Amino acid sequence: MGALTWLFPFLLYFLQYQVAASSSSPLSSFASSAHPLCRLDQRSALLQFKLEFKHMLTEYSYTSLGCELHGGIPGYPKALSWDENATDCCDWDGVTCDELTGHVVGLDLSCSQIYGTFKPNSSLFQLSHLQRLNLAFNHFNFSFIPNAIGSFASLTHLNLSESGFSGSIPSELSLLSKLISLDLSFGVPQGLLRLEPLHFKILLKNVTQLQELVLRGVNISSGLPDSLSNLTSLTALDLSSTELIGKVPDGVFHLPNLQKLVLRYNLNLDINLPKSTWGSGSSLRELELSITNLSGELPDSIGYLKSLKSLVLSFCKLRGSIPKSLGNLTQIRELYLTENDFTGEVPSTISNLKQLTHLELNSNDLGGRIPASVEFPMLEVLNLRDNNFKGPIPFNLSGLQNLRELYLNNNSLNGVIPPSLFTLMSLEDLDLSSNHLVGQIPLLFSLPSLISLDLSSNHLTGQIPEFQHHLPLESIDLSDNKLRGPIPQSIFTLVNLTGLFLASNDLSGIVEMPVLKNVEYPTLFNNTLPNLQVLASLQYLDLSHNFLTGMNLLPWERLVTLDLHSNLLQGPLPIPPPSTTYFFISNNNLSGEIPLLICNASSLQILDLSHNKLSGAIPQCLASVLSVLNLHSNGFTGSLHLKFAMFNQLQSLDLSRNQFEGPLPRSLKNCTSLEVLNVGNNKINDTFPYWLGTLPELQVLVIRSNRFHGPINTMMSEISFPKVRIFDLSYNEFTGHLPVNYFENFQAMKNTSMSREQYMSWGGSSYHYSLIVTMKGLEIELVRILTIFTTIDFSSNNFGGEIPNIVGTLNSLILLNFSHNNLTGHIPASLGNLTNLESLDISSNQLTGKIPSQLTSLTFLEVLNLSWNRLHGPIPRGKQFATFENGSYAGNLGLCGFPMSNECQDNRTKIQPPVLQHEEDDSDFDGFFWKVVVIGYGCGMTLGLFLGSLMFLIGRPRLFVKLAERKLPKKVIRLRRTVADTVARRN
């Protein structure tokens, strides 16, 4: 009887299925309703779970980008389709039931647009028979994973990846001893989920059947337990971005069934690859250890991984030669050894890897020649950039018929561009920039699939070839070559072209737009030219540093960046289209006024018209929309009637070297984002603009060489220039005492803890601010301003009184100039605290007393001018003072000692021969040392004739050497460049 009782449920379910199978049976509907496959309590639990997130499911449309990236299908709210009137929940979307018992054993609500808090007592935990649970790619609003997760005793597959959980992973997870697959990965932001070290160890001990473990982005922050090596069933292990530390247990590399091992993005994880063998019959197919502490030489044992299809060891510390044994990996498809320190030549055995689709060895120190014949029939991406490859580009590339991307840039390749490139019909991206290629540009533009072409920074000559308008080219960079002649009209007929970069060549003539017959276009920007081919796609155009003399029209309706600076353009200012954001046309021969039509360019943020012959007044609209306005060195006249509205975006205003008159506009105080104000070398007639002291971001104030007058009233404002680092009032008519209160408030000049040097620029881009400074009578144009450069220049005014001691607290000062005034009193000893000072000029005043010995502590001082004062007494000896010549002290008849010819009276009797010999020895050593320094500095000077003169006069200016030796980053142009990259093209 007991046996019959046990068999009865199964007989009942068998009868139920038989009845349901026959739709014509009169018992069909009865059996279906009387005995539904879905258990009522589990149906109720599912409906309750739906109600917990009902508000979100009906009103919140959340589609995870990850769903589309991983599955290619946008998410949709599966639970909304659950019909409350349906009795069989086993037919609901995402629900799977056991065919015999009717228990819900599977629930897949991945990509279901769920948003909200996951309750600890959620009805989901009533589904006690669950074997598979997938809630991936939802957003549970950073809820904690409930402890009740451990109640799913039958669970074999758990996927909570990218589901918005946070906090500590509960220890109850280790109770799921039947787990086969566990995925708790989290992309961005990483580290929201934490797995405590102890819980990690317990988990690995209990889930002995685990085959797949993915904890990507979980904050583990501990070492890998040795028990990981006991998971012999493991086929996939992904612990990337988990903050692992310590050493990877050797046993992990010998797991018999492991096919995928991913440990990338663990900077403090020490990895020692097996040096002898990986074990017989290793099944590893994917090995990724990028951005870890993997170091040393890549062992030959890597060649034992015969099943390997993907090897990614980028951004590590590997060195030495690439092992020849890599040639044994004949099944490999992806090989990434990017950003290491590999040296030597690429082993010839690489040619055995006929299945390769991606080969990236870029950013190493590899050298030698690229083999003359390269045959990888499946290869799609070949990246050898940023190495030391020499010789010509391989002349036979016919074995790369599937190649889509070829990067050989930043090497030392020479010779001509080989014709075999014409055979690569699938090629989309070609970058041969920054090599030593010569000759003319071949007809690469005829490649039918080519989208991006970069041949910049070579020695290519001749003219630019003609184009066919149907080609798919989107980006062309031929800048920094020796190309000559006119720009072919056909280049502007490429219908997909978004970026054209032809800067730094010898191109000449007028830029002519193509004219196509039977095509009519509207009048653009007050210019009429019928039948003009409008390039709707062009967004970035850089023709700077050429010899172009004109442009007949700017017809590009989507143009964002237009760079025409440093040419020979003449005539009136061309007006950019309304879409233009960055317009550079400095260093040309433009004349006339700024047309009011420029106000139509409503998107402008940076306008640089400097170094032209423009005149007239400034249109008021430029004060309303711009972030940067540079009119330096033109012929503008009249009063500054600009009105700056509240909350404007102006960050830099340079009106220097014009003929502006009248006072400064008081509305400048509305420019709360202003960082640079330069109105130097004009005819502005005003008192000191104390009201600028309230501008919170102002760092550079230059009002030199104007007609400012009167005393500087420091009591008019409570806040006085808190961030100013460059303060130039020179060559005006100021009177009274030096502004003590301002010196007290110059907080930025008291900061010596700046962590790193950088250039002042707009918005973090590569558009850098420039400035002219005076040093020892020379005007030096700094095309870039270091953020550590701090200067005060009050020279050539009528200031009187003493130099206040408070100046000695401005300890980040590099240049201090009080010369050509009427200052009296002694030189403050506190100036010896200015330990970063490189130039001190207080000449042509009425200073008296002795030179303070504290000034000898200024070890960076390169320029010292104390001439034409009333100083007396001995000149201090030692350190920098041993390097200054007579001119530093001229006109001070009371001074004595080196380097003056009149020796101090006290020294004539007190100096003994042994002491004198000792001092001479020190002097010889110092002289030898500074000769070496001067030679070293001389090697780095590239700032032109002015800076060369400066070197001749003052020897070794530390700051300007830093400016000169700083290398500009390579401007690599890509189709989807950022705004900063496009603005960088200006320089």
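The values are calculated or read from the model by the stated rules, or taken from the named source; none is laboratory data. Since this is a predicted model, take the numbers as computed values, not measurements. Don't worry about glycine lacking a Cβ; one is built from the backbone with ideal geometry, like all the others, and counts go over all protein chains shown. Quick note on the areas: whole protein, heavy atoms, side chains included, nothing else; ligands and nucleic acids left out. Shrake-Rupley method; radii C 1.70, N 1.55, O 1.52, S 1.80 Å.
It is to be established whether one or more residues within segment 608-625 are open to solvent by less than 10 Å² (accessible area, probe 1.4 Å), more than 25 Å from Glu512 (Cβ to Cβ), touching a strand residue (DSSP E or B) at 6+ places or on another chain (Cβ under 6 Å) and among the hydroxyl-bearing types (Ser, Thr, Tyr).
For segment 608-625, residues open to solvent by less than 10 Å² (accessible area, probe 1.4 Å), more than 25 Å from Glu512 (Cβ to Cβ), touching a strand residue (DSSP E or B) at 6+ places or on another chain (Cβ under 6 Å) and among the hydroxyl-bearing types (Ser, Thr, Tyr): present.
So, in segment 291-301, exactly how many residues are within 10 Å of Leu273 (Cβ to Cβ) and crowded, with 20+ Cβ neighbours inside 10 Å?
Matching residues across segment 291-301 total 2.
State whether the residues of segment 359-374 include one that is surrounded by fewer than 19 Cβ atoms within 10 Å (Cβ to Cβ), farther than 21 Å from Pro442 by Cα and among the basic types (Lys, Arg).
There is at least one residue in segment 359-374 that is surrounded by fewer than 19 Cβ atoms within 10 Å (Cβ to Cβ), farther than 21 Å from Pro442 by Cα and among the basic types (Lys, Arg).
If Leu698 satisfies every condition in (1) assigned to a loop (DSSP other than H, G, I, E, B); (2) of a type in the set (A, V, I, L, M, F, W, C); (3) over 32 Å from the mean Cα position of the chain (by Cα); (4) under 26 Å from Asn797 (Cα atoms) but one, which is the exception?
Leu698 satisfies every listed condition except (3).
Which residue out of Ser314, Ser290, Ser276, Ser282 is assigned to a loop (DSSP other than H, G, I, E, B), in contact with a Leu (Cβ under 8 Å, 6 or more places away or on another chain) and farther than 27 Å from Ser221 by Cα?
Being assigned to a loop (DSSP other than H, G, I, E, B), in contact with a Leu (Cβ under 8 Å, 6 or more places away or on another chain) and farther than 27 Å from Ser221 by Cα holds for just one of Ser314, Ser290, Ser276, Ser282, which is Ser282.
Return the residues of segment 266-283 that are surrounded by 17 or more Cβ atoms within 10 Å (Cβ to Cβ), in contact with a helix residue (DSSP H, G or I) (Cβ under 8 Å, 6 or more places away or on another chain) and not small (Gly, Ala, Ser); say none if nothing qualifies.
Leu273, Trp278
Tell me yes or no: at least one residue of segment 676-686 is within 36 Å of the chain's Cα centre (by Cα), closer than 21 Å to Asn745 by Cα, in a strand (DSSP E or B) and hydrophobic (A, V, I, L, M, F, W, C).
There is at least one residue in segment 676-686 that is within 36 Å of the chain's Cα centre (by Cα), closer than 21 Å to Asn745 by Cα, in a strand (DSSP E or B) and hydrophobic (A, V, I, L, M, F, W, C).
Go through segment 332-354 and give me each residue that's open to solvent by 60 Å² or more (accessible area, probe 1.4 Å) and touching a residue at least 40 places away in the same chain (Cβ under 8 Å).
Listed by number, the list holds a single entry, Arg333.
Before we move on, is Asn902 out of contact with any helix residue (DSSP H, G or I) (no Cβ under 7 Å at 6 or more places or on another chain) and buried (at least 18 other Cβ atoms within 10 Å of the Cβ)?
On the way: out of contact with any helix residue (DSSP H, G or I) (no Cβ under 7 Å at 6 or more places or on another chain): yes; buried (at least 18 other Cβ atoms within 10 Å of the Cβ): no.
Criteria not met by Asn902.
A quick yes/no check of all residues on (1) more than 28 Å from Pro74 (Cβ to Cβ); (2) in contact with a Gly (Cβ under 7 Å, 6 or more places away or on another chain); (3) open to solvent by 20 Å² or more (accessible area, probe 1.4 Å):
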residue: Tyr115; (1), (2), (3): no, no, yes
residue: Ser123; (1), (2), (3): no, no, no
residue: Gln131; (1), (2), (3): no, yes, yes
residue: Phe140; (1), (2), (3): no, yes, no
residue: Ala148; (1), (2), (3): yes, no, yes
residue: Ser154; (1), (2), (3): yes, no, yes
residue: Ser161; (1), (2), (3): no, no, no
residue: Leu173; (1), (2), (3): yes, yes, no
residue: Leu179; (1), (2), (3): yes, no, no
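Read through the list (1) open to solvent by 20 Å² or more (accessible area, probe 1.4 Å); (2) among the hydroxyl-bearing types (Ser, Thr, Tyr); (3) modelled with pLDDT of 90 or more, then give the number of the only condition that Ser730 fails.
In the conditions (1) open to solvent by 20 Å² or more (accessible area, probe 1.4 Å); (2) among the hydroxyl-bearing types (Ser, Thr, Tyr); (3) modelled with pLDDT of 90 or more, Ser730 misses (1) alone.
Just for segment 148-170: of the residues that are more than 14 Å from Leu133 (Cα to Cα) and either part of a strand (DSSP E or B) or modelled with pLDDT of 95 or more (or both), which one is farthest from the chain's Cα centre (by Cα)?
By that ranking, first place goes to Pro170.
Please count how many residues of segment 676-697 are over 19 Å from Phe721 (Cβ atoms), open to solvent by 20 Å² or more (accessible area, probe 1.4 Å) and not basic (Lys, Arg).
Qualifying residue count, segment 676-697: 2.
Considering only segment 649-675, state which residues are farther than 16 Å from Phe727 by Cβ, open to solvent by less than 20 Å² (accessible area, probe 1.4 Å) and part of a loop (DSSP other than H, G, I, E, B).
Leu650, Leu655, Asn658, Pro665, Cys671 - these are the residues of segment 649-675 that are farther than 16 Å from Phe727 by Cβ, open to solvent by less than 20 Å² (accessible area, probe 1.4 Å) and part of a loop (DSSP other than H, G, I, E, B).
Scan segment 76-108 for residues that are in a loop (DSSP other than H, G, I, E, B) and over 19 Å from Glu52 (Cα atoms) and jot them down.
Across segment 76-108, the qualifying residues are Ala86, Thr87, Asp88, Asp98, Glu99, Leu100, Thr101, Gly102, His103.
Can you report the number of residues in segment 569-591 which are assigned to a loop (DSSP other than H, G, I, E, B) and either without any contact (Cβ under 8 Å) to a residue 24 or more places away in the chain or under 25 Å from the mean Cα position of the chain (by Cα) (or both)?
Number of matching residues: 6.
Kindly indicate whether Leu311 is touching a Lys or Arg at 6+ places or on another chain (Cβ under 9 Å), of a type in the set (A, V, I, L, M) and open to solvent by less than 50 Å² (accessible area, probe 1.4 Å).
no
List the strands (runs of 3 or more DSSP E) that sit entirely inside segment 440-497 and contain at least 2 residues that are closer than 23 Å to Leu559 by Cβ and in contact with an Asp or Glu (Cβ under 7 Å, 6 or more places away or on another chain).
Strands (runs of 3 or more DSSP E) meeting the threshold: 452-454.
So which strands (runs of 3 or more DSSP E) are wholly in segment 784-835 and hold at least 3 residues that are surrounded by fewer than 23 Cβ atoms within 10 Å (Cβ to Cβ)? First the steps, then the outcome.
On the way: elements: 791-793, 798-802, 815-817, 822-824.
Where strands (runs of 3 or more DSSP E) fall fully within segment 784-835 and carry at least 3 residues being surrounded by fewer than 23 Cβ atoms within 10 Å (Cβ to Cβ), they are 798-802, 822-824.
Can you pull out the residues in segment 551-564 that are modelled with pLDDT of 90 or more, of a type outside the set (D, E, K, R) and open to solvent by less than 10 Å² (accessible area, probe 1.4 Å)?
Correct list: Leu559, Thr561, Leu562, Leu564.
Looking only at segment 386-395, filter to residues that are open to solvent by 50 Å² or more (accessible area, probe 1.4 Å) and under 16 Å from Leu421 (Cβ atoms); which one of those is modelled with the lowest pLDDT?
Phe395
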